[in-house]
Amino acid sequence: MSPTYNKGEWSEAYVLVKVLTDGVLFQGNGQLGASGDSPYEVLSVFRRDEGGLEKHYIRDKDRVHVSFYGGGTLSIEMSKFEKSTELILKEIKEGSGRSFALSPSLWSLLNELSIKQIKAPSGEKTDIKVEIRDHFGGIKSLLGFSVKSQLGGASTLVNASKTTNFRYKVNCSDEVAEQAQSVNRGKETVRFLKDHGAEIQFSEVLNETYRNNLRLIDADLSLILGECLLEYYSSTGSLLTSVLAALDESNPCRFPSDQGTSFYDYKLKKYLTESALGMMPGTSWIGKHDATGGYIVVKESGELLSYHLLRKNLFEDYLIENTRFETASTTRHVFGGLIKDANGYFIDLNLQIRFLK
């Protein structure tokens with residue numbers, strides 16, 4: 001009997017069979033299209049399966065050879081991978097509910113392909129490793145990828161928690177502060193304060209671990225993210241590109257304007273890349289990439305696009321152009337309302353970033 005998973009988790013199995021069937025992996029651009037560069041040639045795939053056992057799938061003309069420690073080898077006809085690619089895409093698209101099972105016949109077919117566990121082990125950012133031959137120099141490389149699927153709901157890049165709360169000093173009259181208490185927490189409170197002449201100024205990232213992680217990436221990041229959040233909560237836009245355009249215009253950090261590039265764009269791309277590849281807000285980070293460098297995106301059509309640090313600019317463009325800010329639960333994460341202490345008024349705003357569908 002098939003286990004139950006959500007569409008994003010089933011997509012990990014789809015990527016395995018699709019990559020082996022196609023034998024190539026296309027590189028994407030920022031607009032979720034093919035970059036135009038020659039695709040990577042896929043030589044083999046490594047993936048952890050039942051019991052944490054790593055299996056090695058090797059393409060060889062019309063067959064795939066599967067080897068695993070202590071279990072010998074299997075030789076499987078490529079036609080079975082081709083058949084399962086079409087069927088699993090169809091069933092993922094038709095699946096309903098938070099999680100669902102595949103049909104018995106398809107689950108049996110996946111078992112024949114030595115696929116018995118779908119989701120990568122918890123805590124690992126690398127869902128699949130692909131051995132490729134790079135068309136630039138014919139060099140073999142083993143690339144680690146995290147799978148991001150558009151077949152289900154949009155996934156998060158930075159998850160909301162109390163750890164991702166940013167604090168702001170608010171200068172306003174007691175009368176405005178009292179009126180603000182009757183406004184919904186979050187965006188409505190920020191807009192109310194600004195509409196009534198309040199001055200809102202970034203103060204600090206509340207969590208020390210997250211603050212230090214940001215400092216490791218770039219000394220300006222706390223301030224830049226703070227200004228990004230304030231712009232998001234003050235406006236109707238949520239796209240990172242829209243928020244960045246507004247910051248470029250107002251330049252709240254007073255960066256040089258004659259550099260020929262956007263300081264905000266450059267520094268935020270660094271932040272998104274590190275968040276995508278290993279940095280967690282609540283865990284002390286030492287600068288290493290758990291996903292070893294990239295994403296494979298499953299488009300709604302079933303097409304696969306790869307983004308990797310081998311092509312750093314394409315990866316960064318994808319992250320900046322396909323994400324948005326989002327307001328999480330103000331009660332669960334305790335933010336969005338005006339508070340008074342001995343030093344005056346302040347408000348906490350929360351950071352969450354989600355991929356576009």
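The values are calculated or read from the model by the stated rules, or taken from the named source; none is laboratory data. Predicted model only: the values in this text are computed from it and were never measured. So basically every Cβ, Gly included, is an ideal-geometry build from the backbone, and we count neighbours across all protein chains shown.
Brief remarks follow.
- Y307 being in contact (Cβ under 8 Å) with a residue 12 or more places away in the chain and assigned to a helix (DSSP H, G or I): no
Yes/no matrix, rows are residues, columns are (1) farther than 30 Å from G153 by Cβ; (2) in contact (Cβ under 8 Å) with a residue 60 or more places away in the chain; (3) out of contact with any helix residue (DSSP H, G or I) (no Cβ under 9 Å at 6 or more places or on another chain):
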| position | (1), (2), (3) |
| --- | --- |
| E9 | no, yes, yes |
| V15 | no, yes, yes |
| D62 | yes, no, no |
| S75 | yes, no, yes |
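- Evaluating E300 against the criteria (1) under 19 Å from the mean Cα position of the chain (by Cα); (2) under 22 Å from L214 (Cα atoms); (3) surrounded by fewer than 21 Cβ atoms within 10 Å (Cβ to Cβ); (4) among the charged types (D, E, K, R) leaves one unmet condition, (2).
- Per-region count, segment 348-357, residues within 16 Å of the chain's Cα centre (by Cα) and either more than 21 Å from V243 (Cα to Cα) or surrounded by 14 or more Cβ atoms within 10 Å (Cβ to Cβ) (or both): 5
- Filter pass, E82 being surrounded by 12 or more Cβ atoms within 10 Å (Cβ to Cβ) and over 26 Å from K299 (Cβ atoms): no
- Verdict on E316 being under 30 Å from V17 (Cα atoms) and free of Cβ contacts under 8 Å to residues at least 60 places away in the same chain: yes
- I339 fulfils the conditions (1) in the same structural domain as C172 (by TED's automatic domain parsing); (2) surrounded by fewer than 17 Cβ atoms within 10 Å (Cβ to Cβ); (3) closer than 30 Å to V17 by Cα except for a single criterion, (3).
- None of K140, K169, K162 is among the charged types (D, E, K, R), in contact with a Lys or Arg (Cβ under 7 Å, 6 or more places away or on another chain) and surrounded by fewer than 19 Cβ atoms within 10 Å (Cβ to Cβ) except K140.
- Cβ-Cβ distances below 6 Å connect the following pairs, each with a first residue in segment 35-49 that is under 20 Å from D127 (Cα atoms), a second residue that is of a type in the set (D, E) and buried (at least 16 other Cβ atoms within 10 Å of the Cβ), and a separation of six or more residues or different chains: L43/E131; S44/E131.
- Residue in segment 330-347 that is under 14 Å from the mean Cα position of the chain (by Cα) and either of a type outside the set (V, I, T) or closer than 29 Å to V170 by Cα (or both) present: no
- Residues that are more than 22 Å from the chain's Cα centre (by Cα) and aliphatic (A, V, I, L, M) within segment 231-258 comprise A246, L247, listed in sequence order.
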